[in-house]
1. Place +1 on the Cβ of every Lys and Arg and -1 on the Cβ of every Asp and Glu in the chain, take the dipole about the Cα centre, and give the residue among Thr339, Phe456, Ile232 whose Cα lies farthest towards its positive end.
2. Could you derive backbone 3J(HN,Hα) for the stretch 165-173 from the dihedral phi with the Karplus parameters 6.51, -1.76 and 1.60 (θ = phi - 60°), listing whole Hz in sequence and x where the residue is Gly or Pro?
3. Give the long-range amide H neighbours of Asp395: residues separated by 5 or more places, or on another chain, with amide H under 5 Å away, using H modelled in the peptide plane at 1.01 Å from N.
4. Would you please give the residues with an amide H less than 5 Å from that of Ala140, counting only those at least 5 places away or on a separate chain, with H modeled from the backbone geometry?
5. Using +1 at the C-beta of Lys and Arg and -1 at the C-beta of Asp and Glu, which of Gly310, Ala213, Ala107 has the Cα lying farthest in the positive direction of the dipole of the chain?
6. Among Tyr351, Pro426, Ala379, whose Cα projects farthest towards the positive end of the dipole of the chain, with charges put on the beta-carbon of Lys, Arg (+1) and Asp, Glu (-1)?
7. Report, in debye and to the nearest 20, how large the dipole of the stretch 310-463 comes out about its Cα centre when Lys and Arg carry +1 and Asp and Glu carry -1 on their Cβ.
8. Nearest 20 debye, what's the magnitude of the dipole of the stretch 125-461 about its Cα centre given +1 on Lys and Arg Cβ and -1 on Asp and Glu Cβ?
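Readers should treat all values here as calculations from the given coordinates under stated rules, not as data from a laboratory. Bear in mind that the values here come from a model prediction, so they are computed numbers and not experimental data. Here the Cβ is made from the backbone with ideal geometry for all residues, glycine too, and neighbour counts use every protein chain on show.
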Amino acid sequence: MTVQRSYRFTRCGGRRAGEPADTEHETMVIRPVFTSVVVGGVALLTATAAFAQGAANAPELVAGIPVNYDEEQVGEYTLPDPLVMLNGERVRDAETWYNKRRPELVALFEEHQYGKTPPVPEDLWFDVTEQAGTAFDGRAIRRQVTVHFTRDPEGPQMDVLMYIPANAAGPAPMLLNISFFPNSSTVADTMVHLGSTWSAQTRERVQSTRRAAQNPAYLERLLSEGFAWGTIYYGDIDPDFANAATLGVRSLWLAPGETEPAPDEWGAISAWAWGLSRALDYLQTDPDIDHTRVAITGASRLGKTVLWAGARDPRFAMVIASVSGAGGAALERRNYGETIAHLVADGRYPYQFARNWQRYAEDPNLSPVDSHMLISLVAPRPLLLQTGTTDFWSDPRGEFLAAVASEPVWELLGAKGLGTDVLPEPDQPILNDLGYLMHEGGHGTLPRDWDVFIDFMKLHFLD
């Protein structure tokens, strides 16, 4: 028998998460405990050993702020209950969730973390620049679309690149990717329009000259399984550097003389998520795409982006969020790896969030929201969280704990959460309505992760 430190989820009074509520006012508490791990606990031992081994080489100071990688120093913290409304009433049915609590939570995340976004622009229009190009030796149809955010054809705009299975019998379900690179740098297809990237030094768009040397490894399998695939470049929506609100789509809603949004208005992540919704606006008009089965995916800060996009916009039928970490799926109240303080520190990423979020840098416990509530907002639509054993900065355990804490919402809505509070061993995915995949390795996605992503899509999208 080996004694290993793990976490137990309880509520005040000792009730475990997922059990029926006994009182009107309960709060989730996560407290560290020691448990004896035998046979069935080998998975937790394996993962914990990997965490401990690699964390010794992780940076101890970022932006002048200490970083904790010691589970003994995480401390006890209390999570807001996603099923207790601001007036103290408990949510006991799906109708109350959809009509009252869900809108309430979205508004809280808008005000305190990601920022409020504008509605669909009245002048939004789509230019299909290529309707039916032949791709991949005839196995796919290539379509290229420019989404214009204003009537001005030279104004802010976003290019959407799509590949549709050539043998599709009807509208195809789609995986829509948001990328760090222009479309021409994402796919090895010389017929893709060359895009442009942002220069943080000159604060201008620069024509892209680099084309991808090879296609994403998963792309042809995705097409062969009957899925369409689309990709957009996040820089088409808004730049990814500080003091850039006057340059991208956020500039359209700044008042004369303003250089940044109000403290409760959109940061860059909310802008990128808003752009994903505008891509879906187009997909709803495309007869070759089943817009009721569109999944979105992104990694790192774009993992945060797809989580927020899926939380805000219930038209997205699935979310696959990779290594989203702090500001995404990892619990903010858990002092491990990157924290709010690291994210909003000068010279790092405060521009990605509403300025109001800086209020909680010193004490995340003061925030009215945490990531388990964000995960809850995707329910009951399928959500897969992907992490890595040695991605200590992004806190893979913190993502798992957030998913476990969200389970009562999934159950209330008739969906299946993780179904366990034991961290799975690497590369052993949980693929319920709420899924979790932790590969053996660090930050990012691996080819074998994409096999799981496709399996997750087949499980929930295909009859």
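1. So the residue we want is Phe456.
2. x, 5, 9, 4, 7, x, x, 9, x
3. Amide H to amide H, under 5 Å and 5 or more residues apart or across chains, Asp395 pairs with Glu338.
4. For Ala140, the qualifying residues are Ala135, Ala166.
5. Value: Ala213.
6. Result: Pro426.
7. 480
8. Computed charge dipole of the stretch 125-461: roughly 320 debye.
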